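So the structure is just underneath, and the comments pick up after that.
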Amino acid sequence: MWSVPIHATAIIGEMIYSSILKRKLYTIGDTATNVYAALFNFGLDLLMKGISFGIMLYFYYYRVLDLEFTLWYWIGVFILQDFAYYVQHYVDHKSRFFWAVHVTHHNSEYFNISTGFRASVFQPLYRYLFFCPLAFLGFHPLHVMAAYAILQIYGTLVHTESIKKMGFLEWILVTPSHHRVHHASNGKYLDKNMGMFLIIWDRIFGTFQKEEDNYEPIQYGLTSKLKDKGPVNVVFHEWKAIWNDVKTPNLNWRQRLKYVFYPPGWSHDGSRKTSKQIQQEIKEKAV
């Protein structure tokens, strides 16, 4: 909560800026949904703090290294925390089970700093599991959690259309331009730029995509627009969709499990497409 003044100042500033330019970057309904999701997430996060810290502390007890709190230690905890987030975020996009949690952050058709508050409500139930390897390696759980909280401030602020390109920093950091791509529903941009602070992970692991000036305008939100934007549906709609798919008649148990854990868009009859299949078709058409 200590970061609220920073974010509130940035949001108010962007609202004023967009109003001066007569750009409709904010709506009351969408912003209210963002705040609602943030409060829901914050409440669950508070409840999970003790459990997550306890489990991480268990891993730290059996740590493989006894690290001194030097400058290199702190650099290491921030870099590895950022990598752990990249892995978690990748899983959130590549497994439908986790996508059902994360989709709330993506189902807004607006992109502004308050979108950064549109939290994946149930993520506190499992997020810490991706951070446990850092504790096992020898980084204290408090330092790991602090690094995440600090990096998240930056991760929230890159949700903006008000900043275009950032020169040479585009090669190193996750910039607003990179994150606009991440939130786009355009086929070429799907499941790209998973990092929160450093873009190097995306460049290394092949999930990087720059924002292209000559490509079609960015469309935010989901590939299938959300019709019911009520407070319950914005959180649970993908779970409903999974349940409906699992209930499909004449499926074997493997197909039912694939509807839960395979990438979003997978279907037993090929009636839908994953982001990988969509992008492969785009490449083939471009040849």
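The values are calculated or read from the model by the stated rules, or taken from the named source; none is laboratory data. This structure is a prediction, so every number in the text was calculated from the model and none was measured. No Cβ is skipped: glycine too gets one built from the backbone with ideal geometry, and neighbour counts run over all protein chains shown.
What to note about this one:
- Exclusive hit being of a type in the set (Lys, Arg) and closer than 30 Å to Phe168 by Cβ, set Lys258, Lys210: Lys210
- Scanning segment 151-196 for residues that are in contact with a strand residue (DSSP E or B) (Cβ under 8 Å, 6 or more places away or on another chain), assigned to a loop (DSSP other than H, G, I, E, B) and aliphatic (A, V, I, L, M) yields Met166, Ile172, Val174, Leu190.
- Just one of the listed residues (Lys229, Lys247, Lys188) is farther than 20 Å from Ile113 by Cα, basic (Lys, Arg) and touching a residue at least 40 places away in the same chain (Cβ under 8 Å), namely Lys188.
- Of the residues in segment 248-263, not one is modelled with pLDDT of 95 or more and under 30 Å from Gly29 (Cβ atoms).
- Residue check for Phe40: part of a helix (DSSP H, G or I) and either of a type outside the set (S, T, N, Q) or touching a Cys at 6+ places or on another chain (Cβ under 6 Å) (or both): yes
- Criterion: among the hydrophobic types (A, V, I, L, M, F, W, C), in contact with a Phe, Trp or Tyr (Cβ under 8 Å, 6 or more places away or on another chain) and closer than 25 Å to Leu190 by Cβ - qualifying residue of Leu157, Leu169, Leu151: Leu151
- Count of segment 229-283 residues which are within 30 Å of Ala32 (Cβ to Cβ) and not polar (S, T, N, Q): 16
- Out of Gly155, Gly138, sole residue that is within 14 Å of the chain's Cα centre (by Cα), among the small types (Gly, Ala, Ser) and modelled with pLDDT of 95 or more: Gly155
- Residue selected from segment 201-230 under the condition out of contact with any strand residue (DSSP E or B) (no Cβ under 9 Å at 6 or more places or on another chain) and outside any loop (DSSP other than H, G, I, E, B), by the criterion surrounded by the most Cβ atoms within 10 Å (Cβ to Cβ): Trp201
- Selection of segment 10-25 for residues being at pLDDT 90 or above and farther than 16 Å from Thr115 by Cα yields only Ile16.
- Some residue of segment 174-181 being under 26 Å from Trp239 (Cα atoms), surrounded by fewer than 21 Cβ atoms within 10 Å (Cβ to Cβ), under 12 Å from the mean Cα position of the chain (by Cα) and not aliphatic (A, V, I, L, M): no
- Pick from segment 1-30, criterion over 18 Å from Ile153 (Cα atoms) and touching a Ser or Thr at 6+ places or on another chain (Cβ under 8 Å), ranking: surrounded by the most Cβ atoms within 10 Å (Cβ to Cβ): Leu25
- Scanning segment 231-272 for residues that are surrounded by 10 or more Cβ atoms within 10 Å (Cβ to Cβ), assigned to a loop (DSSP other than H, G, I, E, B) and either among the hydroxyl-bearing types (Ser, Thr, Tyr) or within 21 Å of the chain's Cα centre (by Cα) (or both) yields Pro231, Thr248, Tyr262, Pro263, Pro264, Gly265, Trp266, Ser267.
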